[in-house]
Every structure is written in C-alpha cells, then in structure tokens.
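Here's the structure, in structure tokens; my notes come after.
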Amino acid sequence: MTQAARAPRVFSGIQPSGGLTLGNYLGALKRFVETQNEGVETLYCLVDLHAITVWQEPEALRHATRAMAAGFIAAGIDPQRSILFNQSQVSAHAELAWIFNCVARMGWLSRMTQFKDKAGKHRENASVGLFAYPSLMAADILAYHATHVPVGEDQKQHLELTREIAIKFNHDFGVDFFPLVEPVIEGTATRVMSLRDGTKKMSKSDPSDMTRINLTDDADTISLKIRKARTDPEPLPETAEGLEDRPEARNLVNIFAALSDRNVESVLADYAGRGFGEFKPALAELAVARLSPINAEMNRLLQDTAEIDRLLGWGAERADVIARPILERVYDIVGMVRSRPGRPV
Ligand code: AMP
Ligand code: TRP
C-alpha cells in the first residue's frame with residue numbers, strides 16, 4: 001500500500017438525527033475545525049442515509065440535517081475549505097455500499113455490537129438497512145480513499161470492518177485498490193458525560209434534556225442546566241488524581257478545561273479548595289461565552305434554509321468529483337459494462 005506517500009484526506013460522518021450537544025462539540029466538531037484549520041483536506045458528511053436505518057419523521061430529518069449543517073458552520077467549519085455535504089446527495093455512497101454488501105459476510109455484520117444494541121431483542125424487526133449499516137459506512141470512507149477517520153471509541157469496530165471489507169475486495173479481485181484506513185480514535189479527555197450521571201455519556205438521545213447542553217440552548221437554559229448539574233459536597237481537589245472517584249466533579253472540570261483550551265491541572269490551580277457554589281457560576285459564564293456566539297450564528301443561518309441547501313449542494317458536487325471516478329474504477333474492477341454517455345447509432 002502506498003498510503004504513506006499520499007496526502008492525508010480526512011473523512012468523518014455524523015448522523016443528522018437530533019441536535020448537536022456539547023459532547024458532539026467538544027468531542028468531535030471542535031477537532032474537525034482544528035483539522036480543517038491545519039490545512040488538511042477534510043470531508044464532513046451528514047449521513048442522512050444512515051439516519052433512516054431507524055425511523056425518522058421526514059420533516060424532522062430535513063430540519064435536523066439543515067440544523068446540523070448550520071451548527072457545523074457556526075462552530076467554524078468553513079464550507080469553502082471543508083467539503084460539507086449530506087450523504088444522500090452523492091449517490092456513490094449508496095452505489096458502493098451495494099457492492100460492499102456483496103463483499104461483506106453475514107457473519108461479520110452479525111458481530112457488530114452497534115447492531116446488537118440498536119436492534120435489541122427484536123432482531124427480526126430491525127430494518128435490513130440497520131444490519132447493513134457498516135457496509136454503507138465503509139462506502140462513505142472508501143469512496144474517497146480517505147486516509148484518516150476521526151471517530152469516537154464506539155465506532156472502532158465499524159472501522160475494523162471497513163478494513164476487512166477493503167482487504168477482501170482487494171484480495172477477491174486481485175487488486176491493490178482500497179487503502180487500509182487508520183482510525184483516529186478520540187481520547188477520553190474530551191468525553192463529555194451526562195450532567196446527571198457522571199458515568200454516562202452526554203447523549204442527544206437521552207430522554208432527559210437536563211442531562212445535556214444542546215448547541216441550540218440559550219444562555220438561561222445553559223446556566224440553569226449547569227446550576228442543576230449533579231455534584232458532590234466536597235471542594236475541588238488540588239490534583240487531577242483527586243477527581244478519580246468523583247465522576248460528576250471530574251466531568252465539570254473537564255468541560256471547563258476543554259471550553260477554555262486549558263488542561264485540568266491549570267483549572268484546578270485556580271479552583272482547588274473551592275466548592276461548586278463558586279465553580280458552577282464560573283463554568284456557566286464560560287459555557288455561555290463560548291456557546292452563545294455559536295448558537296446565535298446557527299440561528300441566523302437557519303433563517304435562510306435555501307442558503308444552507310445551496311452550500312450542501314455545492315459540497316455534494318465537490319464530493320462527487322472525488323468519489324465518482326473511484327466508483328467507476330470499482331465498477332470496472334467488478335466487471336460491469338459501463339457505456340454511458342452515448343447512444344446507439
Ligand atoms: P453521535 O452523536 O453519537 O452520533 O456522535 C457524533 C460524534 O460526536 C462522534 O464523533 C462522537 O464520538 C462524538 N460525541 C458524541 N457524544 C459525545 C460525548 N458525550 N463526548 C464526546 N464526544 C461525543
Ligand atoms: N457511524 C458513525 C456514528 O454513528 C457515523 C458515520 C457514518 C461515520 N459514516 C461514517 C463516521 C464514516 C466516520 C466515517 O458516529
């Protein structure tokens with residue numbers, strides 16, 4: 001594989017179901033922006049085809065896709081520098097996924113823990129799409145010959161499957177075509193936990209809205225949620241080790257550190273010995289200062305959905321320019337007759 005010689009191309013996907021949380025922002029978006037600003041080629045895809053592997057209300061899905069695009073742009077993704085688009089507008093994803101459905105084995109997909117979790121006890125009732133989810137994800141990545149894929153720990157198994165699919169495709173057809181992708185697993189440092197239970201991940205799917213901060217929350221809501229966040233009665237410790245058995249306290253300190261681009265030690269140097277009565281208002285002030293400009297910009301962008309749609313369409317066109325020739329090569333390798341355009345004479 002000649003991967004080392006290739007310029008890096010970063011690809012990541014996020015499902016446009018539900019809104020963006022502080023967890024998405026600190027755990028994913030903020031880094032997506034940093035990577036973009038390093039000058040690396042970046043593609044960020046709102047995976048609407050993945051979203052419908054479980055039921056989505058059509059209007060809610062359309063809104064969530066636009067809101068997420070607005071959130072990305074408001075957080076610093078520049079639609080000129082990054083290729084920002086929604087998956088369904090680039091048909092190469094679905095086309096390559098079909099080919100990968102014929103490469104991947106039932107046994108491989110049956111072992112995916114995300115499928116087991118999402119399908120639950122009623123496997124017979126899960127959509128075929130939910131089962132084939134990882135083939136589509138492999139297609140997302142391999143349609144661009146992406147070199148780096150930043151994802152959370154929970155997506156590691158899907159990335160390993162992407163490698164397996166690439167290896168089997170290359171082997172079955174006797175080619176050295178698909179690169180083996182390196183996962184960029186995000187560290188736990190920016191894992192944001194629920195405001196109500198420091199051992200659970202902050203998630204957009206948690207039934208209680210008080211467990212999370214949404215990028216759409218206004219200043220009062222952010223302050224209220226932080227004020228009501230679960231904590232313990234102890235003052236803050238002097239060292240990070242002192243937070244080890246205090247998941248809620250650790251979470252709030254981690255959030256403070258991430259929002260202020262500092263490390264935990266430096267935050268503790270300021271707040272050691274002080275209680276949450278002092279720390280929470282400071283955190284609320286910081287969170288509001290960091291998030292309200294994003295929130296305001298997101299709301300501004302959402303007033304002009306035609307402009308968001310135009311930007312997504314433009315991203316899709318640029319994505320297509322990369323993916324289409326790769327897909328055409330795949331069809332050729334697999335043995336499909338490709339004779340369009342042209343009409344019989
Ligand atoms: P999800 O919202 O689960 O579809 O995840 C989208 C992206 O946000 C993935 O890269 C996740 O790793 C990241 N993410 C989601 N929730 C959190 C969280 N609580 N802390 C850190 N990163 C998160
Ligand atoms: N499965 C990913 C998640 O749930 C989203 C995703 C879809 C993705 N396609 C991708 C992530 C391609 C990285 C690369 O978070």
*Compute the signed sum of charges (Lys and Arg +1, Asp and Glu -1) over the other residues within less than 12 Å, Cβ to Cβ, of ASP197.*
+3
*Rounded to the nearest 20 Debye, what is the dipole magnitude of the chain about its Cα centre when Lys and Arg each give +1 and Asp and Glu each give -1 at the C-beta?*
820 debye
*Compute the semi-axes of the equivalent ellipsoid of region 209-300, taking the square root of 5 times each eigenvalue of the Cα gyration tensor, and list them largest first in whole Å.*
24, 14, 10
*Ordered by packing density, taken as the mean number of other Cβ atoms within 10 Å over each peptide's residues, highest first, how do 20-32, 226-238, 147-159 rank?*
20-32, 147-159, 226-238
*Theoretical ellipticity at 222 nm over the chain - DSSP helices of four or more residues, -39500 (n - 2.57) apiece, nearest 500*: -15500 deg cm²/dmol
*By a straight-distance test (C-alpha under 22 Å), which lysines pair with LYS156 as possible cross-link partners, with residues fewer than eight away in the same chain excluded?*
LYS30, LYS116, LYS118, LYS168, LYS200, LYS201, LYS204
*Using Cα atoms only, what is the angle between the long axis of helix 128-142 and the major principal axis of the chain, expressed in degrees (0 to 90) to the nearest 10?*
90 degrees
_With unit charges on the beta carbons (Lys and Arg positive, Asp and Glu negative) and the dipole taken about the Cα centre of the chain, which residue among CYS102, PHE177, THR113 sits farthest to the positive side?_
CYS102
*Can you give the angle from 0 to 90° between the axis of helix 305-334 and the longest principal axis of the chain, with both taken from C-alpha atoms, to the nearest 10?*
40 degrees
*Quick one: check the C-alpha center-to-center distance for region 82-102 versus region 289-306, whole angstrom.*
28 Å
*Using unit Cβ charges (K, R positive; D, E negative) and no other charged atoms, how large, in debye to the nearest 20, is the dipole of region 209-300 about its Cα centre?*
300 debye
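Calculate the dipole size of region 148-195 relative to its Cα centre from +1 charges on Lys and Arg beta carbons and -1 charges on Asp and Glu beta carbons; express the result in debye to the nearest 20.
It comes to approximately 80 debye.
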*asked:* Explain nothing, just the number: relative contact order of the chain, from Cα pairs under 8 Å at least 6 residues apart, as a whole percent.
replied: 22 percent
*Classify region 1-122: rounded, prolate or oblate, from the alpha-carbon gyration tensor (a ≥ b ≥ c, eigenvalue square roots; a/c under 1.5 rounded; otherwise prolate if a/b is larger than b/c)?*
oblate
*Label ARG105 and ARG123 with points 7 Å out from Cα along Cα→Cβ: what is the distance between them in nm?*
1.6 nm
*Arranged from highest to lowest average of other beta-carbon atoms within 10 Å per residue, in what order do the peptides 63-72, 290-299 appear?*
63-72, 290-299
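Computed from the coordinates by the stated procedures, all read-outs in this text should not be read as laboratory data. If you're wondering where the values come from, they're calculated on a predicted model, not measured in any experiment. With ideal geometry, Cβ positions are generated from the backbone for all residues, glycine too; neighbour counts draw on all protein chains shown.
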